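Okay, structure first, notes after.
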């Protein structure tokens, strides 16, 4: 600029921030990237005067047909001031465009600016403004908007936008249809994607390889490989349609099918498909070999994978570096990390530098295996080779640290990578945010969220949804709803996951009216409630004992085309059992059988608990026999439910059921302990609660908070009545026997003679009960 004797412009701009001088300086810079970097350097605040000057600069760029620079400026302003203040900016730019001669080109800049920051609601508003003044938006802009709306699940806006394209233009092309098909398939709506494929011809579009490949790949990813290349089914018809249209399946289509078979662990079919591909003279690429080798290493025989690698090496189809990358990736997927590192050493010896792909495979494998120190060693080696970490590198390292609960280190790593300018995607932030919530560090999650805002790193829809879900699960549903409103205000359309998280939060707090209001809002915005939504609401009604509205919601599932799952039935059965209405609970079990669902362990445990509550222990024992006959393994909940029931039952029947439980190799836990200690108190034997508490304390049994509360209550009972006498009853001996068996299971060393002596000492008639010391509650000592 100085060489061209234009330095006076820069000097004038340095003396006064003027949008006209700013535009002149930016135009004199060599490239668009350099110009935008200069813009970000000199625009340091977001005051009203600065934002107004930036808007004027965008007007000037638009008037001079420098549309990309105009879009850059507008995008920066929107991301800096947010959705709320940007509305005033839109009014200013739309009202004053005639002053700058930018015509309606400034609307296009606004449209692309909002698209870049994914504020879909504002994009829709700009589209309406453009159509009102007779401007037809570009197909590329609308397609980008489709992708954004589908990403957040706003199907209502998608269909409205599609209808506007049909009636008002621009006419959709293959590019638009492929984007729609891909978006619906990614959201699991494969049938809708397939329907769009079939209607393409109505709009003068012919399906291409991209459309077919998207659908076949979608079926394979969802595990429906039999559909993707079977003798019948939707996927087979799609595969045949390719040839009916006069097209020959290419390597991309074959790769999708190969990947499907490998995911289904059908290596033989994958091999046959690979041979068919070769017989048709379709040359495999690196992706093909990566799929085949990883499949053999992970699910096939080790010798098959090794043989395939030797064949590839001899054939010369791939360069050595690519072959090593594929080999390393395959071994990593198979969990054969030692062999993968041997390949690394072999590469070093041969003078072949590993690629970022190979390093990412190693780092990801170590992180998945919980060997984060090894992952960091690989990262250091990668740095020594002068390779720049990719976003996958960062995400893999963060996953490894988060899995071990090393959140402060994960945050430090993320900050260092940002400072060094490494490519960081928003997935990394979501991983870290989720990590804080998983370990229950609510303060850490909130601090991270505030830090992101401070650093002007704007979360995407996925991060918003993860934050809403974490707050809702932590019981902070009001704060979660505030984030939900902020998400909507910025322009993100909440998806089913965000709505379900909030609905669950409100239901857990007993605020069913707010939950139902959100469910209605979902429908109004074009989002259909799914099984998760209905299950949450049904559970909310059942918790409050409102079984009629719960059944109404159950019937509404059928009306909306959903099929109740095992969770739905278990929730309703539990609700009826809680209301002591076992007859209707059994009716639901019969309905479940009729619907093709078999009860699971949760179903049996709920029914057992129901029978125990109404003192029908025979039926509860029959449930135990029934679940064993069905091939279901009883779990700890099963045993504890029945143990609690037998302690309240008639002695003879209690002994029979207890013997059956012990014969099944029942492994007790702290809940079992609490059940038995509690029953000692309920049956007037608080001294035995303390006796067994003391004995378990001596063998370092891990009590929980409930255990200490039970023993504390027993201690107070004895203190209040120091003259408490208790004769040794048959039920007392039975409970002693159960506690003894439990202690034997815990330690493997139970002294029967000692138990008899202690029982006789405490149960001797007329003797004053000893006040046993409470077990000392464990307190974590400071480091």
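Read-outs throughout are calculated quantities, based only on the coordinates presented, and are distinct from any laboratory measurement. Quick caveat: nothing in here was measured; it's all calculated off a predicted structure. Heads up, the Cβs are rebuilt from the backbone with ideal geometry, glycines too, and the neighbour counts pull from every protein chain shown.
So if the hydrodynamic radius of region 29-86 is defined as the Kirkwood radius over C-alpha pairs, what does Stokes-Einstein give as its diffusion coefficient at 4 °C and 1.567 mPa s, in µm² per second? Numbers along the way, then the final one.
Numbers: Rh = 11.6 Å.
Estimated via Stokes-Einstein, D reaches 112 µm²/s.
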Review point. Order of 282, 78 from fewest to most other C-beta atoms within 10 Å?
Key: 282, 78
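Sorted by mean Cβ packing within 10 Å, highest first, what order do the peptides 445-451, 543-549 take? List each step's numbers first, then the result.
Numbers: 445-451: 17.0, 543-549: 14.0.
Result, highest mean Cβ count within 10 Å first: 445-451, 543-549.
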**Study point:** Per-q log10 I(q)/I(0), region 489-573, q = 0.11 Å⁻¹ (Debye; single scatterer per alpha-carbon; no solvent)
**Key:** -0.27
Practice item. State the Cα centre-to-centre distance between region 113-144 and region 505-530 in whole Å. Key: 30
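Over 19 Å apart: what share of the alpha carbon pairs of region 459-528 falls there, rounded to a whole percent?
Details: 545 of 2415 pairs.
When all Cα pairs of region 459-528 are counted, 23 percent exceed 19 Å.
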Check your understanding: On average over all directions, what projected area in square nanometres does region 454-608 have, based on the convex hull of its Cα atoms?
Key -> 10.1
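Please arrange 492, 541 by counting, for each residue, the other beta carbons lying within 10 Å of its beta carbon, fewest first. Before the final figure, lay out each step's value.
Values: 492 28, 541 24.
Sorted ascending by nearby Cβ count, the order is 541, 492.
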Exercise for review: Could you please rank 507, 205, placing first whichever residue has the fewest other Cβ atoms within 10 Å of its Cβ?
Suggested key: 205, 507
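Starting from the coordinates of the alpha-carbon atoms of region 122-221, obtain the Kirkwood hydrodynamic radius over all distinct pairs and give the value in Å to one decimal.
Details: mean 1/r = 0.0723 Å⁻¹.
With all distinct Cα pairs of region 122-221 included, I get 13.8 Å.
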